[in-house]
Amino acid sequence: MLDLLWLVPVLPLAGFLALTFAGRRLAKPAVTAIGVGSVGLSSLVAGAVAAAFLGHMPPGGVHRQILWRWFDVAGLRPEISLHLDALSLVMILVVTGVGFLIHLYSAQFMEEDADFARFFASMNLFVAMMLVLVLAGDLLLLYLGWEGVGLCSFLLIGFWYGEPANVLAARKAFVVTRVGDVAMAIGLFILVDRLGTLDLQAVVARAEAQWAPGSAAVVAVAALLLGGAVGKSAQLPLQTWLPDAMAGPTPVSALIHAATMVTAGVYLVARTGGLFELAPSIRTAVAVIGTATLLLAAGAALVQRDIKRILAYSTISQLGYMFLGLGVGSASAAIFHLVTHAFFKALLFLGAGAVIYACHHEHDIFRLGGLRRSLPTVTWTFVAGAAALAGFPLVTAGFYSKDLVLWRAFAGGHFLLWGAGLLGAFVTALYSFRLVFVVFWGETGTEAGARPGWRMTVPLTILAALSLVGGWLGLPAVLEPVLGAAEEMAEPHGTELLLQVLAGVVSLGGIALAWALYGRPGRHGDPVADALGPVGRWWRAGWGFDALYDRLFVRPYDAVARALEKDPVDRLPAAAAGLARGFHRALALTQNGRLRWYALSLAAGATFALYLVLTL
Amino acid sequence: MSGETPMVLLPLGITAASALAVMLAAAVRGPTPRAATGRAAEALSVLGLAAALGSQLAVAGAAPRRVTPLFVFDGVSSILGAVVLASALAVVLLASAYLRRLDEPWEEIYALLLLGTAGALALTSSDHLVGLVLGLETLSVSLYGLVASVRTRGDEALEAAMKYLVLAGAASAFLLFGVALLYASVGTLELPALTAELSAGTPAGSELVTVAGLAFVLVGIGFKLALVPFHLWTPDVYQGAPAPITAFVATVSKGGVVAFLLRLVAAAGAVARPEDGEGLFVVLALLAGASILVGNLLALLQRDVKRLLAYSSIAHLGYLLVALLAGGELGPRAAVFYLIAYAVTILLAFGVVTILSRAEQEAGDLDAYRGLFWRRPILASAMAAAVFSLAGIPLTAGFVAKLYLLLAALDGSRFGLVGILVVGSVLGLYYYLRVVVAMLATPEPETAASEPVGASGGVALAGLGAVLIWIGVAPSAWLRILGIWLGG
């Protein structure tokens, strides 16, 4: 059964190829069957592989499937190989499972779109590339998937390319993540240069043998890989692309935020954890970046008005928790949070999509309201997702995973980071339920038009269930053998319980505050934003990062481009060309067509030749 | 004369005899319709030149043989004789459609073409100054007639012929005077004897006379090859002459002269090493450098394709001279190879011009080529191949030849000339590519008259194109033959 692993990425890839080459000629049902079916089959294969893997664990907990050797140049022999262990198993289950639900949902959501086939082709490729990324046994192949998801994000964010703003958003996502990609590429170059391999297992083994902890090379490599991860996972300082990335169709946002793309950075850091262990300073940086990002993004989410923007900032914030988990040395907690987040964030985006779908593409939450009555299924599934996001104690998955991250931070002695995380959790609860109360409670705003059909409600329901019970999966226990167990806890069990209670209280406090500010009947406006005043506007603009980058990079770059537009460097060649033209004009005067002048030239030439031979 | 001697004279004999036969055919024309005579002349010319070329190839590679004091038949004469005959054959084939469209008798043109070819052929094998004058005059006098031969071209052709007559006459005068001076100082007209006398040391006082004589001979040759500053006639004559005749001027007449120049440089080189900064070589180097720069610069903004090709030929002869000056074993070989590539290329270019032209309205201006790719893709592709080859772009004969030439020049440490050559090539790219750009442009709504290519023209173009690409892609066979024939 494990040998069928290659089918997992190949099925969506085949779907992509079929839809790309035949999509225009196929009827919509056929396109749907291929587009949704390929990912569905892939998830079934992934499930079967998982059953086989868990039922009969291969030695070392790793199954490698070498498909072929890519090339063999100067000692570098990258292989097209699939690497299956608990981490990649979890990832393929999430990617194919959540991906399938999103595809199913899209079948209805995109039904009216003229470019139906192109949409599913891109979505399939997106899933295929993400699967390549997480299954790659070699960093080079991983990089292929890495760039592949970058490309697909570009294609899908700019899916409605008729609108210039969408294309700009796509370009922004591409360019900003590219900054990280370049860093990552340089990191890979160093690995090839110093270790002579990109094989995942060999890299870590050789790095441990060859590099002393904290040595310059390993710090550089870890920092560069972190650069790549920061770009893909929208962490400070490369987070600015994600809020704009919602320009694409809502299912795309769900896919980007939950199953593919942004989780790639977290996966990369978890996967190359061995390198980060050798570079403690960079690992600390991971935690600090994560914490800073989670706070900033939570603040920004608190004051947004656009439903998708709120969710986008919340993704950045939740990714911050994952980085915090990675940074405090508990990759299993981070991946646990990644999984639960995939459930509830996909759910929230799909729910938001259903709202937008029903309410004539209205994005502003303050023009929506009271949808609880007209869209009950959407409301209750959305509430489940928001509760998971807010970390509603005991009955939601988000509570367990977030709590685990915070506990590991506390247990590792990072009290400041823990405190910040707890503050973030409070803000998270506040903004999640601000969203819920404003959109689904209160007075009716925009009337709900189209009702979502089963293809939309079924994924919502399944994801809602997963958002609630996903916390009891016991994932950390599965993951810890691969990702390394956290250090023996110094604190007794009692402290953990105490902190859990504290986290629960914080979450409930946030929800209660949201109720007080937004939920009670008769409330109007946005008291938090009003109270924050200019600070709120600053936060709403994403803490001014766009403006800052605009001044710091975009405008100087534009200025340089404008200066170069007139090609000052071209002056020299242009001068040469001008010189040649001048000579041409001067010489053309000699071609005056007059015979006596020609004869004179003949005579003069002869005279000069004579002079030369006689004097030399 | 041994019994085998007539064999080596066969090409020349066949060519001359064909000329006579064509003249006879024209003379006995009488009441027969004009077209029939013209076609008979055409057929006679094609057959005669093909036979001459065949016999030339058959006798090639034999041991060098002197026939009368005037001629020597060796590797140089074999190869360049073949180049001359093949070029003439191509010109005749290409001219066919153009001439048949004329509203006037055209059979004399074939007679003149054959006579001129005979003169050029004689030049390739003469290593005697009298042989030089003989060949050159036979060639030149034919050319005067040829340039003016098509009356439909009107004053333009007459003007060109007049200019050519006067200037070529003056140049011949220089040449003859130079020959006279050499004879006066050395007392012989045979190149080998001349070389021997010169290396033995000329009598004191007559040394100046000798070099002056050589310089004047060089002026005459420089005029024929259109080297700067003896080039001013070239664009006017190229433009005024009928297109097929221009092709003849650009190839056949150059081939013979280059052969003699090869012998002359070899003779002079035996006396003084080129590196010594000896006067004659300085003059040649200046002619080469000036030709490359001035030729390319003059072509730069030229809009008339025939004039453009005229300037281009000035520059290309300058390149060829660089190879000659490089000396060594590579030098002459590179020069001959370059001449072959040049002849193939320029014939292809003029071939396209010829096919697109009518006598009264020749395809001169670049506008006539606008959108040619969309109207006549095959012709345009042939033109593009020729232009790329002239520019020296890889996969064409021009690239390989220029590469070989550069190697020879670097081998001979001619760094200054190599620098000029590079500058010239860069300049060249600009105007060569302009032709391609024009051909790719959107076609004018009113399409120019589309002349049929004709069977013979098609054969010639296909053959030339094939050779151009063949040399460009797999030059080794050509280089090997060159090596065998030129020895070493």
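The values are calculated or read from the model by the stated rules, or taken from the named source; none is laboratory data. Nothing here was measured: the structure is a model prediction, and the numbers come from that model. Cβ: placed from backbone, ideal geometry, glycine included. Neighbour counts: every protein chain shown.
Have a look at A:ALA216, A:ALA264 and point out the one that is under 18 Å from A:ALA136 (Cα atoms) and not aromatic (Phe, Trp, Tyr). First the steps, then the outcome.
Values: A:ALA216 fails: under 18 Å from A:ALA136 (Cα atoms).
From the options A:ALA216, A:ALA264, the qualifying one is A:ALA264.
For segment B:278-309, how many residues are out of contact with any Leu (no Cβ under 9 Å at 6 or more places or on another chain) and either within 13 Å of chain A (Cβ to nearest Cβ) or not in a helix (DSSP H, G or I) (or both)?
1
Given B:ALA62, B:ALA19, which one is surrounded by 14 or more Cβ atoms within 10 Å (Cβ to Cβ) and at pLDDT 90 or above? Full working, then the answer.
Numbers: B:ALA62 fails: at pLDDT 90 or above.
So the residue among B:ALA62, B:ALA19 that is surrounded by 14 or more Cβ atoms within 10 Å (Cβ to Cβ) and at pLDDT 90 or above is B:ALA19.
Taking the options B:PRO235, B:PRO244, name whichever one is within 13 Å of another protein chain (Cβ to nearest Cβ) and within 17 Å of the chain's Cα centre (by Cα).
B:PRO235
Condition check ((1) within 30 Å of B:SER357 (Cα to Cα); (2) more than 10 Å from chain A (Cβ to nearest Cβ); (3) out of contact with any strand residue (DSSP E or B) (no Cβ under 7 Å at 6 or more places or on another chain); (4) aromatic (Phe, Trp, Tyr)) across all residues:
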site: B:LEU167; (1), (2), (3), (4): yes, no, yes, no
site: B:SER185; (1), (2), (3), (4): no, yes, yes, no
site: B:ALA193; (1), (2), (3), (4): no, yes, yes, no
site: B:SER206; (1), (2), (3), (4): no, yes, yes, no
site: B:ALA215; (1), (2), (3), (4): no, no, yes, no
site: B:PHE223; (1), (2), (3), (4): yes, no, yes, yes
site: B:ALA250; (1), (2), (3), (4): yes, yes, yes, no
site: B:GLY255; (1), (2), (3), (4): yes, yes, yes, no
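Only one of A:LEU125, A:LEU89 is touching a helix residue (DSSP H, G or I) at 6+ places or on another chain (Cβ under 9 Å), assigned to a helix (DSSP H, G or I) and at pLDDT below 90; which?
Working: A:LEU125 fails: at pLDDT below 90.
Within the list A:LEU125, A:LEU89, the selection yields A:LEU89.
Taking the residues in segment A:573-607 that are facing another protein chain (nearest Cβ under 7 Å) and of a type in the set (S, T, N, Q) as candidates, determine which candidate is surrounded by the fewest Cβ atoms within 10 Å (Cβ to Cβ).
A:THR590
Restricting attention to segment B:59-89, which residues are in contact with a strand residue (DSSP E or B) (Cβ under 9 Å, 6 or more places away or on another chain) and part of a helix (DSSP H, G or I)?
Residues satisfying the conditions are B:VAL59, B:SER77, B:GLY81.
Output the residue which, of all residues in segment B:429-467 that are at pLDDT 80 or above, more than 27 Å from the chain's Cα centre (by Cα) and among the β-branched types (Val, Ile, Thr), is surrounded by the fewest Cβ atoms within 10 Å (Cβ to Cβ).
Here the answer is B:THR442.
Within segment B:116-126, is even one residue surrounded by fewer than 24 Cβ atoms within 10 Å (Cβ to Cβ) and among the hydroxyl-bearing types (Ser, Thr, Tyr)?
no
Is it the case that some residue within segment A:387-405 is surrounded by fewer than 19 Cβ atoms within 10 Å (Cβ to Cβ) and farther than 19 Å from A:ALA512 by Cβ?
Taking segment A:387-405 and keeping what is surrounded by fewer than 19 Cβ atoms within 10 Å (Cβ to Cβ), we get A:393-395.
Cutting the leftovers down to farther than 19 Å from A:ALA512 by Cβ gives us none.
Looking for residues that are surrounded by fewer than 19 Cβ atoms within 10 Å (Cβ to Cβ) and farther than 19 Å from A:ALA512 by Cβ, one finds none in segment A:387-405, hence no.
Does segment B:192-205 include one or more residues that are of a type outside the set (Asp, Glu), within 22 Å of B:GLY119 (Cα to Cα) and surrounded by fewer than 24 Cβ atoms within 10 Å (Cβ to Cβ)? Don't jump to the end; show me each part of the working.
So the first thing to find is which residues in segment B:192-205 are of a type outside the set (Asp, Glu), and the list is B:192-196, B:198-205.
Those still in the list that are within 22 Å of B:GLY119 (Cα to Cα) too: B:192.
Remaining after also requiring surrounded by fewer than 24 Cβ atoms within 10 Å (Cβ to Cβ): B:192.
Among the residues of segment B:192-205, at least one is of a type outside the set (Asp, Glu), within 22 Å of B:GLY119 (Cα to Cα) and surrounded by fewer than 24 Cβ atoms within 10 Å (Cβ to Cβ), which makes the answer yes.
So that you can scan it fast, the table gives a plain yes or no per residue for (1) in contact with a Phe, Trp or Tyr (Cβ under 8 Å, 6 or more places away or on another chain); (2) small (Gly, Ala, Ser); (3) outside any loop (DSSP other than H, G, I, E, B); (4) within 14 Å of chain A (Cβ to nearest Cβ):
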site: B:MET383; (1), (2), (3), (4): yes, no, yes, no
site: B:LEU403; (1), (2), (3), (4): no, no, yes, no
site: B:VAL422; (1), (2), (3), (4): no, no, yes, yes
site: B:GLY428; (1), (2), (3), (4): no, yes, yes, yes
site: B:ALA462; (1), (2), (3), (4): no, yes, yes, no
site: B:ILE469; (1), (2), (3), (4): no, no, yes, no
site: B:LEU479; (1), (2), (3), (4): yes, no, yes, no
site: B:LEU482; (1), (2), (3), (4): yes, no, yes, no
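For A:TYR557, all conditions in the list (1) more than 14 Å from chain B (Cβ to nearest Cβ); (2) modelled with pLDDT under 85 hold save one; what is the number of the exception?
Failing condition for A:TYR557: (2).
So A:LEU200 passes all but one of these: (1) out of contact with any helix residue (DSSP H, G or I) (no Cβ under 6 Å at 6 or more places or on another chain); (2) over 15 Å from A:GLY265 (Cα atoms); (3) surrounded by fewer than 22 Cβ atoms within 10 Å (Cβ to Cβ). Which condition number does it fail?
The failed condition is (3).
Test of understanding: among B:ILE314, B:ILE245, which residue is assigned to a helix (DSSP H, G or I), more than 21 Å from B:LEU94 (Cβ to Cβ) and among the β-branched types (Val, Ile, Thr)? Quick ask: steps written out before the conclusion?
Working: B:ILE245 fails: more than 21 Å from B:LEU94 (Cβ to Cβ).
After applying the criteria, what remains is B:ILE314.
Of all residues in segment A:325-361, count the ones that are farther than 17 Å from A:VAL478 by Cβ and either among the hydrophobic types (A, V, I, L, M, F, W, C) or not in a helix (DSSP H, G or I) (or both).
Adding up the residues that qualify gives 17.
Filter segment B:385-410 down to residues that are surrounded by 19 or more Cβ atoms within 10 Å (Cβ to Cβ) and in contact (Cβ under 8 Å) with a residue 40 or more places away in the chain, then give me how many there are.
18
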